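Step one of this worksheet: look at the structure below.
What follows is calculated from the coordinates using simple rules that are stated; it is not laboratory data. A quick note: this is a predicted structure, and the numbers were derived from the prediction, not measured. All Cβ positions, even for glycine, are placed from backbone atoms using ideal geometry, and neighbour counts span all protein chains on display.
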Amino acid sequence: MAPKPPPKPPPPKNVFERFSDYLDSDRGKRRTTILVLLFFVLAVVMYCMYKTELNKGQELIVAVASIRKFALEYDPSLYDKNDMEILAAVHLHTLHLLNWTLKNEKLQNELDILIEMLPGWQAFESNLYYFSDIRKSWHAAREDCLARHTADLVSCRYGEEQAYVMVQNTHDVDVNRFTS
């Protein structure tokens, strides 16, 4: 009797069989559970981030619509323009406004310096006023203004300027105005 040949080794397992064996083991079950939980947490985080970005997009759409509405009220010629063109136009208007604001502040600073240099003069809405205590006729007061102050007598009938002059002129005196 011839010895029996050793049993043939089982054929090697393919990848799917080995993976299936791994998943059936305790170690594989723990790792699979951890991975499933991790993927679930990542999915929730991704969903939250998506909703946040979606809300930002909605806020941006609302903001652009608001700017469009304002721009069209201010400048109807922008009606056929797209959002980018309107935003560019609004940006340009904003730069012009900023420029004028800076110029206005510079002029106000210069006016403040002039007021310090000219005792007795007061500023109101870009005009300088001098209230004299000396009583003169209209013609004499006007000649004095033109000669000394390069100004003229105030002549106002209504409005904020008249209210200002009336409040300042409590002694019924001549008022000179220098307009820049």
Straight distance only, please: which lysines reach the Cα of K29 with their own Cα at less than 21 Å, same-chain residues fewer than 8 apart left out?
K13
Just to be sure I follow the rule: in segment 36-119, considering lysines 8 or more places apart or on different chains, how many pairs have Cα atoms under 28 Å apart?
4
Low-density loop trypsin sites (Lys or Arg not before Pro), segment 1-51, at most 11 other Cβ within 10 Å, DSSP non-H/G/I/E/B, are K13
Computed over the chain: relative contact order in percent, which uses C-alpha pairs under 8 Å that are six or more apart:
14
For every other residue with a beta carbon closer than 15 angstrom to the beta carbon of R27, add +1 if it is Lys or Arg and -1 if Asp or Glu, then tell me the sum.
+1
Loop-only check: which chymotrypsin sites (Phe, Trp or Tyr not before Pro) in segment 11-96 are DSSP coil with at most 11 other Cβ within 10 angstrom?
Y79
